[in-house]
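Take a look at the structure set out below.
The values are calculated or read from the model by the stated rules, or taken from the named source; none is laboratory data. As the structure is a prediction and not an experimental result, all values here were calculated from the model. Note that each Cβ is placed from the backbone with ideal geometry, even for glycine, and that neighbours are counted across all protein chains shown.
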Amino acid sequence: MGRISDITLTNQPEQRIISIKTETTLKNMQTKIEDCREKILTYLNLLEELPAGPCLTIYYSFTKQNVEIEVGYPIAKMLPPQDDIRMSSIPAGKRVSCLNIGPYNEIPKLYQEMDQWMEVHDFETNGISYETYYNGEGFTPQEYLTKIELPIQEADEN
C-alpha cells in the first residue's frame, strides 16, 4: 500500500530509550533487529519493566555491505546496563515524518519521496533515520505499520 499520511514537519522532544547498538550486513539486518528486540524484551521482563512504546530502529549508516543500527524501546526510567544493552536517548529536534503501511522492503520508496519533499522545502538530513514499528509479529507484511522520521535542518544552517 505504501505511504498513508502526508509528509509532515514535526518538532520532537528528547526520548529516552533502552537499546543495543550494533553493525550487521544488509542481508542479516532483519534477523539482527529481531535478535536485539528479543534480547531487550527478555531483559525488561527480568527487571519486571515494560517498554513505554513500540520498538524502533535508528539507522546511522546504510550501505549494501554494512548497516550500523541501534534497536530499542522507549523507556520511562533509567535502568542499569547489561552486556550490550544500554540506556540511550534520541535527541530533541525537527523531523520530517511519514507513516507507511506494507512490507518493510517497500519502505525505501518512501525514503525517496521524503528526500524529494525535503529538497522542495529546502531541508537536509544528517543521514540518520528512525523507524518505529507499531506492529509486526502476528500481522501480515501488508499490515505492517511503520513511522519513518528523518532529523532535519534548513539547508543553509551548515
Which numbered condition residue 119 fails, given (1) modelled with pLDDT of 90 or more; (2) charged (D, E, K, R); (3) touching a strand residue (DSSP E or B) at 6+ places or on another chain (Cβ under 7 Å); (4) over 24 Å from residue 49 (Cα atoms): (3)
Odd one out for residue 92 among (1) under 30 Å from residue 125 (Cα atoms); (2) aliphatic (A, V, I, L, M); (3) surrounded by fewer than 12 Cβ atoms within 10 Å (Cβ to Cβ): (3)
In region 122-158, the residues that are among the hydroxyl-bearing types (Ser, Thr, Tyr) and in contact with a strand residue (DSSP E or B) (Cβ under 9 Å, 6 or more places away or on another chain): 125, 129, 130, 132, 133, 134, 144, 146
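In region 102-158, which residue that is assigned to a helix (DSSP H, G or I) and β-branched (Val, Ile, Thr) is surrounded by the most Cβ atoms within 10 Å (Cβ to Cβ)?
Of region 102-158, the ones assigned to a helix (DSSP H, G or I) are 104-120, 141-143, 155-157.
Checking the rest, the ones that are also β-branched (Val, Ile, Thr) come to 107, 120.
Details: 107: 17, 120: 9.
Only one residue tops the list, namely 107.
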Subset tally (residues that are more than 26 Å from residue 4 (Cα to Cα) and touching a Cys at 6+ places or on another chain (Cβ under 7 Å)) for region 57-105: 0
Test: residue in region 45-58 that is touching a Ser or Thr at 6+ places or on another chain (Cβ under 6 Å), at pLDDT 95 or above and among the hydrophobic types (A, V, I, L, M, F, W, C): yes
Selection from region 100-116 of residues that are within 22 Å of residue 21 (Cα to Cα) and either at pLDDT 95 or above or aliphatic (A, V, I, L, M) (or both): 107
Close pairs (7 angstrom Cβ cut-off, 6 or more residues apart or separate chains): at negative phi in region 39-63, surrounded by 16 or more Cβ atoms within 10 Å (Cβ to Cβ) and in a helix (DSSP H, G or I) anywhere: 50/44; 51/44; 55/37; 57/33
Among residues of region 45-79, those that are over 13 Å from residue 20 (Cα atoms) and either crowded, with 18+ Cβ neighbours inside 10 Å or not aromatic (Phe, Trp, Tyr) (or both), counted: 21
Selected residue [of a type outside the set (A, V, I, L, M), assigned to a strand (DSSP E or B), under 13 Å from the mean Cα position of the chain (by Cα) and within 18 Å of residue 14 (Cβ to Cβ)] from 72, 53: 72
